[in-house]
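> Below is the structure I would like to discuss, written out as structure tokens.
Bear in mind that the values in this text are calculations on the coordinates, not laboratory data. All values derive from a computational prediction rather than experimental measurement. A quick note on method: Cβ atoms are made from the backbone with ideal geometry, for glycine too, and the neighbour counts reach across all protein chains shown.
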Amino acid sequence: QKEVEQNSGPLSVPEGAIASLNCTYSDRGSQSFFWYRQYSGKSPELIMFIYSNGDKEDGRFTAQLNKASQYVSLLIRDSQPSDSATYLCAVNQGGKLIFGQGTELSVKP
Amino acid sequence: NAGVTQTPKFQVLKTGQSMTLQCAQDMNHNSMYWYRQDPGMGLRLIYYSASEGTTDKGEVPNGYNVSRLNKREFSLRLESAAPSQTSVYFCASAVGWDTGELFFGEGSRLTVL
């Protein structure tokens with residue numbers, strides 16, 4: 001079992017809908033959590049990070065963290081075709097940033 | 001501002017050949033990383049360097065060696081390439097080992113025949 005697990009998808013949502021991306025992790029000692037976006041053929045880029053339990057909002061993006069359940073999620077409101085990409089969850093484990101396998105999101109016009 | 005620069009961008013090797021992937025960053029970052037990305041596997045950490053002068057193994061270090069040449073440069077060497085090492089390799093850097101905000105290079109696509 002990977003240390004960081006995501007549904008690989010693809011996840012398809014209509015334009016304007018909410019996309020929900022989920023991630024679980026195995027190391028209870030993990031303290032910081034990240035979401036990266038990767039467009040096809042490009043390198044990953046950081047879009048959100050969260051350290052505390054609860055929600056963190058940034059524009060159309062909301063990251064949610066539940067340390068007790070070892071669960072991190074990313075919500076994208078008012079999804080746009082330009083949000084179509086692979087979303088990678090990452091967990092900092094003692095200086096090593098460990099990534100999940102990524103969830104491919106497709107937003108249909 | 002170049003950010004993180006990787007060379008070469010593409011390489012084809014035969015089984016058993018050796019090669020070095022070069023990475024340089026101009027952001028004065030302390031930490032540097034090498035990842036490989038395979039379809040359906042996400043990014044897997046090969047080696048990282050939390051600071052100049054230190055290197056540590058990641059998730060999949062077998063078959064690779066690294067050198068942190070100075071603060072700017074972090075190279076990845078394949079001593080005897082195998083087809084299983086066919087992948088896209090990403091170098092990344094960060095201000096510090098505990099920040100989690102990585103800046104990635106454009107990637108190097110390696111094919112081992």
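> Take every residue in peptide B:28-41, count the Cβ atoms of other chains within 10 Å of its Cβ, and give the average of those counts. Display every interim value, and only then the final one.
Numbers: counts 0, 0, 0, 2, 0, 3, 0, 4, 0, 7, 1, 2, 4, 6.
That works out to 2 on average.
> Related question: If you take every residue apart from residue A:12 with its C-beta less than 14 Å away from the C-beta of residue A:12, what net charge results, scoring Lys and Arg +1 and Asp and Glu -1? Intermediate values should be presented prior to the final figure.
Details: positive: A:108; negative: A:15, A:83, A:104.
Result for the neighbourhood of residue A:12: -2.
> Just going by the charge dipole of the protein assembly as shown, with Lys and Arg at +1 and Asp and Glu at -1 on Cβ, which of A:53, A:21, A:98 is farthest out on the positive end?
A:98
> Relative to the Cα centre, what is the charge dipole magnitude of segment B:17-113, using +1 at the beta carbon of each Lys and Arg, -1 at the beta carbon of each Asp and Glu, and rounding to the nearest 20 debye?
200
> Using the charge dipole of segment B:32-77 (Lys, Arg: +1 at Cβ; Asp, Glu: -1 at Cβ; taken about the Cα centre), state which of B:53, B:34, B:64 has its Cα farthest towards the positive end.
With unit charges placed on the Cβ atoms, the residue in question is B:53.
> Something else about it: Find the all-direction average of the projected area of the Cα convex hull for segment B:33-103, expressing the result in square nanometres with one decimal place.
The directionally averaged projection comes out at 4.8 nm².
> In whole Å, what are the extents of chain A along the principal axes defined by its C-alpha atoms, from largest to smallest?
Here the spans come out as 41, 28, 21 Å, largest first.
> Determine the principal axes of the Cα atoms in the protein assembly as shown, then give the extent along each, sorted from largest to smallest and rounded to whole angstroms.
For the protein assembly as shown, the Cα extents along the three principal axes come out at 49, 39, 34 Å.
> Ranking request for peptides A:68-79, A:50-61: highest mean number of other beta-carbon atoms within 10 Å first, then the rest in descending order.
Result, highest mean Cβ count within 10 Å first: A:68-79, A:50-61.
> Right, next: Can you return the lysines within cross-link range of residue A:56? Criterion is Cα-Cα under 16 Å, with same-chain partners fewer than 8 residues away left out.
In chain and number order, the partners are A:67.
> Straight-line reach from residue B:57: which lysines have a Cα under 21 Å away, not including same-chain ones fewer than 8 places off?
A:2, A:96, B:71
> Rounded, prolate or oblate: which fits segment B:8-72, taking a ≥ b ≥ c as square roots of the Cα gyration tensor eigenvalues, rounded meaning a/c under 1.5, else prolate when a/b beats b/c? Present the calculation step by step, with values, prior to reporting the outcome.
Numbers: a/c = 1.70, a/b = 1.42, b/c = 1.20.
Cα axes put segment B:8-72 in the prolate bin.
> Here's something else I'd like to know. Rounded to the nearest 20 debye, what is the charge dipole size of segment A:28-109 about its Cα centre when +1 sits on each Lys and Arg Cβ and -1 on each Asp and Glu Cβ?
200
> Here's a follow-up. Within segment B:69-113, list the residues whose amide N lies under 15 Å from a label point set 7 Å along Cα→Cβ of residue B:26.
B:72-73, B:105-106
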